[in-house]
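Peer 1: Here it is, the structure, as structure tokens.
The values are calculated or read from the model by the stated rules, or taken from the named source; none is laboratory data. Quick caveat: nothing in here was measured; it's all calculated off a predicted structure. Reconstructed Cβ throughout: ideal geometry from the backbone, glycine too, with neighbour counts over all protein chains shown.
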Amino acid sequence: MSDDETLKTYAAKADTYADLVSASVEKDVMLPAFLAALPATSHVLDLGCGPGHFAAAIAANGHRVTATDAVQEMVDLASKHDGVTARLARFDQISGSGIYDGIWANFSLLHAARDDMPTHLAALHRALKPQGLFHIALKSGTGSKRDGLGRLYTYYTEEELTELLMQAGFTVTGTDRGSDTGLDGVRADWIAVAAHG
């Protein structure tokens, strides 16, 4: 993610966003399934980790977690959690092959430009070990627009996202849908997809 306005919003509202995420971790319906499917003592990448609450939950289940975010304030918050190694990195700075047993991309890649998504997904597929787990959640819909806080979002339909994942080499194993209220106070529909490399 390199959209300056989006990054500045998250930097300015890091603590408020941390409170919002903290309240959502325990009721998240996707994390338990992701954790149950991971091999014991896996290495997991939390891509766009935000304040690190999901990374902390993954670490608390016995896994080694590398967490990345493009906002220093978020990296600082994530680094405070036990078992989480957090570093500053944009989506296009993920590299390497066969590193992770699982990648958790929870409401992060929705800030990437549509034209960049195939490149990001291909890099993430390379970074996964064979048959590694991949979780991605995005806001569902079409087009791109900024929310009331100035954050840039790119929306996807289930069909579009599934096709992009398949083109990157992933095998889709499940989908989930729902709606939640975000940092901007607006309720929005989302889609989550489980896949493996």
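Peer 1: Restrict the check to segment 184-194 and report whether at least one residue is out of contact with any helix residue (DSSP H, G or I) (no Cβ under 6 Å at 6 or more places or on another chain), farther than 28 Å from Lys27 by Cβ, outside any loop (DSSP other than H, G, I, E, B) and free of Cβ contacts under 8 Å to residues at least 40 places away in the same chain.
Peer 2: no
Peer 1: Restricting segment 151-168 to residues that are of a type in the set (D, E, K, R) and in contact (Cβ under 8 Å) with a residue 12 or more places away in the chain, which is surrounded by the fewest Cβ atoms within 10 Å (Cβ to Cβ)?
Peer 2: Once the filter is applied, the top-ranked residue is Glu158.
Peer 1: When you go through His196, His120 one by one, which is the residue that is under 16 Å from Phe91 (Cα atoms) and surrounded by 15 or more Cβ atoms within 10 Å (Cβ to Cβ)? Walk me through it before giving the result.
Peer 2: Working: His196 fails: under 16 Å from Phe91 (Cα atoms).
Every option except His120 fails the conditions.
Peer 1: Using beta carbons and a limit of 6 Å, which pairs, at least six apart or on different chains, have the first residue in segment 60-72 and closer than 19 Å to Ala37 by Cα and the second one surrounded by fewer than 19 Cβ atoms within 10 Å (Cβ to Cβ) and polar (S, T, N, Q)?
Peer 2: Between residues of segment 60-72 that are closer than 19 Å to Ala37 by Cα and residues that are surrounded by fewer than 19 Cβ atoms within 10 Å (Cβ to Cβ) and polar (S, T, N, Q), the close pairs are Gly62/Thr41; Thr66/Thr85.
Peer 1: From the residues in segment 36-54 that are touching a residue at least 24 places away in the same chain (Cβ under 8 Å) and more than 15 Å from the chain's Cα centre (by Cα), which one is nearest to Thr6 (Cα to Cα)?
Peer 2: Result: His43.
Peer 1: Suppose we filter Leu121, Leu165, Leu149 for residues that are among the aliphatic types (A, V, I, L, M) and within 24 Å of Asp76 (Cβ to Cβ); which single one remains?
Peer 2: Among Leu121, Leu165, Leu149, only Leu149 is among the aliphatic types (A, V, I, L, M) and within 24 Å of Asp76 (Cβ to Cβ).
Peer 1: Looking only at residues that are at pLDDT 95 or above and among the small types (Gly, Ala, Ser) in segment 80-95, which one is farthest from Leu124 (Cα to Cα)?
Peer 2: Ala86
Conditions (1) in contact with a Pro (Cβ under 9 Å, 6 or more places away or on another chain); (2) polar (S, T, N, Q), marked per residue:
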| position | (1), (2) |
| --- | --- |
| Ala18 | yes, no |
| Ser22 | yes, yes |
| Val25 | no, no |
| Leu31 | no, no |
| Pro39 | no, no |
| Ala70 | no, no |
| Ala86 | no, no |
| Ala89 | no, no |
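Peer 1: Okay, moving on. Within segment 34-70, count every residue that is among the aliphatic types (A, V, I, L, M) and more than 20 Å from Ala23 (Cβ to Cβ).
Peer 2: Number satisfying all stated conditions: 9.
Peer 1: Also: What are the residue pairs meeting all of these: first residue in segment 96-114, first residue at positive phi and surrounded by fewer than 24 Cβ atoms within 10 Å (Cβ to Cβ), second residue modelled with pLDDT of 95 or more and among the small types (Gly, Ala, Ser), Cβ atoms under 7 Å, and 6 or more apart or on different chains?
Peer 2: Close Cβ pairs (under 7 Å, with a partner that is modelled with pLDDT of 95 or more and among the small types (Gly, Ala, Ser)) amount to Gly96/Ala127; Phe107/Ala137.
Peer 1: Here's a follow-up. Consider only pairs whose beta carbons are under 9 Å apart and that are at least six residues apart or on different chains; among these, list those whose first residue lies in segment 21-35 and is of a type in the set (Asp, Glu) and whose second residue is surrounded by 13 or more Cβ atoms within 10 Å (Cβ to Cβ) and at pLDDT 85 or above.
Peer 2: Final answer for the pair search is Glu26/Ala57; Asp28/Phe54; Asp28/Ala57; Asp28/Asn106.
Peer 1: Any residue that is within 30 Å of Thr41 (Cβ to Cβ), crowded, with 16+ Cβ neighbours inside 10 Å, more than 15 Å from the chain's Cα centre (by Cα) and at pLDDT 95 or above - is there at least one of those in segment 140-150? Full working, then the answer.
Peer 2: Just the residues of segment 140-150 that are within 30 Å of Thr41 (Cβ to Cβ), to begin with: none.
Within segment 140-150, not a single residue is within 30 Å of Thr41 (Cβ to Cβ), crowded, with 16+ Cβ neighbours inside 10 Å, more than 15 Å from the chain's Cα centre (by Cα) and at pLDDT 95 or above.
Peer 1: If His120 satisfies every condition in (1) within 13 Å of the chain's Cα centre (by Cα); (2) in a strand (DSSP E or B) but one, which is the exception?
Peer 2: If we test His120 against (1) within 13 Å of the chain's Cα centre (by Cα); (2) in a strand (DSSP E or B), just (2) comes out false.
Peer 1: Test Thr175 against the stated conditions and say whether it is surrounded by fewer than 15 Cβ atoms within 10 Å (Cβ to Cβ) and assigned to a strand (DSSP E or B).
Peer 2: On the way: surrounded by fewer than 15 Cβ atoms within 10 Å (Cβ to Cβ): yes; assigned to a strand (DSSP E or B): yes.
So Thr175 passes the test.
Peer 1: Leu183 fails exactly one of the following numbered conditions: (1) closer than 18 Å to Pro118 by Cβ; (2) within 18 Å of the chain's Cα centre (by Cα); (3) not β-branched (Val, Ile, Thr). What is the number of that condition?
Peer 2: Going through (1) closer than 18 Å to Pro118 by Cβ; (2) within 18 Å of the chain's Cα centre (by Cα); (3) not β-branched (Val, Ile, Thr) one by one, Leu183 breaks only (1).
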